[in-house]
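S.K.: First the structure, which I've put down as structure tokens, then a few questions once you've had a look.
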Amino acid sequence: MAKRFLTTRIAKIVPRVPATIRKYSAVATPEGLSPFSAERLAVEEHAKSTAKTWKNITIYVCLPALLLGTANSYRIMKEHEAHSAEHEHKHEDHPLFQYQRIRTKPFPWGDGDKTLFHNPAVNK
């Protein structure tokens, strides 16, 4: 009750200010734009120039670098193939030790001795 009494007394003492609508509150610059609009236009122009710069870097630097790297790796691969064909290495069979290929139960595919990723050209 006392709280309600105090709020009504204070409301009567404090004068009410009518609500006003702020029209044209931004200050115009000499160009006719507000500072906010001028800043936004500057940011937009900067973004356009930056995007153009990165596009040019991508086209004129990155793509040629990728092409040169691909050509170099292809050349190295061909040299390696020629060397491998010239000096073919024979892999000798190594003895099976007791600790290798321990199977407590067979695999559920194939003959049960080979793993799922068994490659007969590489694995013996």
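The values are calculated or read from the model by the stated rules, or taken from the named source; none is laboratory data. Please read all numbers here as calculations on a predicted model, not as lab measurements. Neighbour counts are summed over all protein chains in view; Cβ atoms, including those assigned to glycine, are modelled from backbone coordinates with ideal geometry.
S.K.: Please specify each residue of segment 83-117 satisfying the condition of being surrounded by 10 or more Cβ atoms within 10 Å (Cβ to Cβ) and hydrophobic (A, V, I, L, M, F, W, C).
M.R.: Scanning segment 83-117 gives 107, 109.
S.K.: Quick one: in segment 71-124, which of the residues that are assigned to a loop (DSSP other than H, G, I, E, B), under 44 Å from the mean Cα position of the chain (by Cα) and among the β-branched types (Val, Ile, Thr) is modelled with the lowest pLDDT? I'd like the intermediate steps shown before the answer.
M.R.: Kept after step one, since they are assigned to a loop (DSSP other than H, G, I, E, B), are these residues of segment 71-124: 87-124.
Now narrow it down to the ones that are under 44 Å from the mean Cα position of the chain (by Cα): 87-89, 91, 100-103, 106-110, 112-124.
With among the β-branched types (Val, Ile, Thr) added as a condition, the list becomes 102, 115, 122.
Details: 102: 83, 115: 87, 122: 80.
Top of the filtered list is 122.
S.K.: Can you say whether residue 59 is assigned to a helix (DSSP H, G or I) and without any contact (Cβ under 8 Å) to a residue 24 or more places away in the chain, as far as the supplied structure shows? Can you show your working first?
M.R.: Numbers: assigned to a helix (DSSP H, G or I): yes; without any contact (Cβ under 8 Å) to a residue 24 or more places away in the chain: yes.
Yes, satisfied.
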